[in-house]
Amino acid sequence: MTSMLSRSDALLHDPLLQARRQVAEAEERREQQMLVLSGLAQGSPARIYGEHVLSEIERSIVLSRMHHELIQNLLG
């Protein structure tokens, strides 16, 4: 008897799908952070910290995309 995997099970067993999801989640965090930044005063400590957080999110996106590409090439 063959059982079908649920969406969450499929995600656990598909590294390419996991990597795509990581990229999408990081991009969503970037959009949320940009909205937060738009409400903060230029030069304020909160804005400076928020910009630092945004730069770390951007770095995370780059790494997540590289990870996705590596998996894609390995599964090729």
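The values are calculated or read from the model by the stated rules, or taken from the named source; none is laboratory data. Treat the numbers as computed from the prediction; the structure is a model and nothing was measured. In this analysis, Cβ positions are derived from the backbone assuming ideal geometry, glycine residues included, and neighbour counts consider all displayed protein chains.
Residues are listed down the side, and each one gets a yes or a no for (1) surrounded by 15 or more Cβ atoms within 10 Å (Cβ to Cβ); (2) at pLDDT 95 or above:
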position: His13; (1), (2): no, no
position: Arg29; (1), (2): yes, yes
position: Ser38; (1), (2): no, yes
position: Ile48; (1), (2): no, yes
position: Ile57; (1), (2): yes, yes
position: His67; (1), (2): yes, yes
position: Ile71; (1), (2): yes, yes
Requested in this report: Please work out which residue is farthest from Asn73 (Cα to Cα), limiting yourself to segment 14-57 and to residues that are without any contact (Cβ under 8 Å) to a residue 12 or more places away in the chain and among the basic types (Lys, Arg).
Outcome: Arg47
Query raised in the report: Which of the residues that make up segment 37-62 are under 17 Å from the mean Cα position of the chain (by Cα) and of a type in the set (A, V, I, L, M)?
Result: Val53, Leu54, Ile57, Ile61, Val62
**Report entry** Hits in segment 6-31 (condition: within 18 Å of Ile61 (Cα to Cα) and more than 12 Å from the chain's Cα centre (by Cα))
**Finding:** Pro15, Leu16, Leu17
